[in-house]
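The values are calculated or read from the model by the stated rules, or taken from the named source; none is laboratory data. This is a predicted model, so every value here is computed, not measured. Please note: Cβ atoms are built from the backbone with ideal geometry, for glycine as well, and neighbour counts cover all protein chains shown. Please note that ligands, DNA and RNA were not included when accessible areas were found on the heavy atoms of the full protein model with its side chains. Shrake-Rupley method; radii C 1.70, N 1.55, O 1.52, S 1.80 Å.
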Amino acid sequence: MTGPSLLLLLSGMAGLGYQLVWTRLFALGLGHEYASMLAVVSAFFGGLTLGAWLFRRWLGTIVRPAYGYAALELIIAVWALVTAWLIGPAAQLANQGLGIAPSPFFYWTTAFLWPFLTLLPATVAMGATLPAAERWFSQLSGDTHALARVYAVNTLGAMLGVLAATFWLMPTFGYRTTLIGLAMINAGVALAAVVLDRRRPIRLTAADRQHSPAALSGWLGVALLVTGLLGIAYEVVTVRVMAQVFEGTVYSFAAALTVYLAGTALGAAVYHRFCPDLPLKLTSARLSYGLSLVCLLGTGLLYVAHPGYWWLRRLGDDSPLAVLGAELGIAVPVLLPPTVLMGALFSHLALTARREQGHVGAALAVNLAGGLIAPPLAGAWLVPAVGPFWTLAGIAMGYLLLALRSFRLPLWYPALPALMLVLLPKSLAIVTLRDGETLNDYRDGALASVAVIERGQERNLRVNNRFQMGGTVPRALRIQRMQSHLPLLLHPKPEKALFLGVATGITVGAATLHPNLA
């Protein structure tokens, strides 16, 4: 691997490392890790969109893009250090401001705006690094197709960042030290970029000399926006469904994200190697059509995710490594085929935009804007409104419509995805019922899936098919109330009580019977 490629790999590694650490830190203020994940992903895409758009013209004219790239990496490093001391106190303020029972509108407004504004300087700089690196690589090699290679290397680094942050950095060093270490990586990348480029002769390509780029063509802009929206929406919804199967730990999310990034990097690398000169609309149509099929196939695989997970887990004697292997065994067939095609499709569209404009800043900004819309639209609105199945079906149909609009495909092409859609069951509710249990009710919410399970005269609340909350049988009610009464009666003069965890409220309700308790 060349020096600049290694720097880009390290930059991608730091970027996704930041995302995971920031997700954990913001979860302390928002009270829920899934909400924090949606909010931080949206904050990333919002800042990346602004950065790619604001710096698009400057990066298209700068003679030595390596220097611009180094300046952006340095900004990321400095602001990452600021967040190491900023997010903790800000989390306390946000928690106090939200209160005990905020309205959904106030909660989600706070959830999306707070991380967006807090992380904005770093994410804006991140948004401009890919266009800057692409121009730098193009000058180094004279390769006008360098974009797909740059995207593949950076995404591979992001995958390594997920693994390093999850399994080594955060557990070993803690959140603040991890942020400091990642910031040092960005600072080192900035310094190395300047050193590597100091004595290099300037070699401009024809695209580099185009200082007044034209606007994105209408069809290309729409395709970039829609593919950004559909790609991230597919990730958000499938991860949400797999949460009903997986253990619900940080390692579960890391497993899914690793597969998603690996597939995207592989798709971009394959495109760079074999497909850079294919015709625009026909290639876009074929890739989009393939995405409609594999997204529906991935949806179908989710129906067998629960038994498949436990079969794979038992193969490894239920060890911690077997749990992780089972989660990867489910995530790979659901996420890998679509993301390979997503990586190739983005590379194809962005490379076409570079030929039109001389840079990829505007194309990246439009694609990222679609990704920005996806978490609130798919995760916070569509899944609770219509359920995961119809949301995933809508994503597949979105790719199909894009394929049909891209090129005049034969009329029979929609028949296969339509048949798959008809044959698939229309509910993705994953609820494991034991002997004697029946399902009373089931709801998909913005943060979790909730089922009411009946067994005789008893009802229990089960969240994401894994977490059993309180029950209504008298013995269970008595136990839950005693969890409040016993510590309060043992204390000589209780004035305050702290309850960790949220369930049916029976234990909290028992505490209200004690006088003078805040």
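Structure above, values below:
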quantity	calculated
Cα-based radius of gyration of region 301-398 once divided by 2.2 N^0.38 Å, which approximates compact folds	1.45
Label-reachable residues, region 161-185, where backbone N falls under 19 Å from a point 7 Å from residue 191's Cα toward its Cβ	178-185
Kirkwood-based Rg to Rh ratio, region 56-130, C-alpha trace	1.16
Options [x] 1.28; [y] 1.05; [z] 1.39 - which one matches Cα Rg over 2.2 N^0.38 Å as calculated here	[y]
Equivalent ellipsoid, region 46-97 (semi-axes from 5 times Cα gyration tensor eigenvalues, Å)	32, 14, 5
Stretchable slack from residue 355 to residue 490, in nm (0.36 nm times residue separation minus alpha-carbon distance)	41.1 nm
Using θ = phi - 60° and Karplus 6.51 cos²θ - 1.76 cosθ + 1.60, couplings along region 19-36 (whole Hz; Gly, Pro as x)	4, 5, 5, 5, 4, 5, 5, 5, 4, 5, x, 8, x, 7, 6, 5, 4, 5
Nitroxide proxy distance, nm - points 7 Å out along Cα→Cβ at residue 282 and residue 310	5.0
Over 20 Å [Cα-Cα, region 405-518], rounded percent	61
Debye log10 I(q)/I(0) at q = 0.13 Å⁻¹ for region 404-450, Cα point scatterers	-0.58
Sites residue 217 and residue 413 - FRET efficiency at Förster radius 25 Å, r taken between beta-carbons, to 0.05	0.55
Over the chain: helical MRE at 222 nm, DSSP H runs n ≥ 4 each giving -39500 (n - 2.57), nearest 500	-24000 deg cm²/dmol
Stokes-Einstein D for region 219-318, Kirkwood Rh over Cα pairs, 25 °C, 0.890 mPa s (µm²/s)	156
Virtual spin-label span in nm between residue 106 and residue 303, 7 Å along Cα→Cβ	4.3
Contour minus Cα-Cα distance for residue 458 and residue 251 (0.36 nm per residue)	71.1 nm
The chain - percent of accessible surface contributed by carbon and sulfur, probe 1.4 Å	68
DSSP loop chymotrypsin sites (Phe, Trp or Tyr not before Pro) with at most 14 other Cβ within 10 Å: longest gap in the chain	1-411
Difference of contour (0.36 nm per residue) and Cα-Cα distance, residue 498 to residue 478	5.2 nm
Compactness of region 77-205 as Cα Rg over 2.2 N^0.38 Å, two decimals	1.36
Cα-only Debye scattering, region 322-377: base-10 log of I(q)/I(0) at q = 0.12, 0.21, 0.24 Å⁻¹	-0.44, -0.85, -0.94
Dimensionless Rg over Rh [region 213-265; C-alpha; Kirkwood]	1.18
Cβ-Cβ FRET estimate between residue 54 and residue 517, R0 fixed at 45 Å, reported to 0.05	0.25
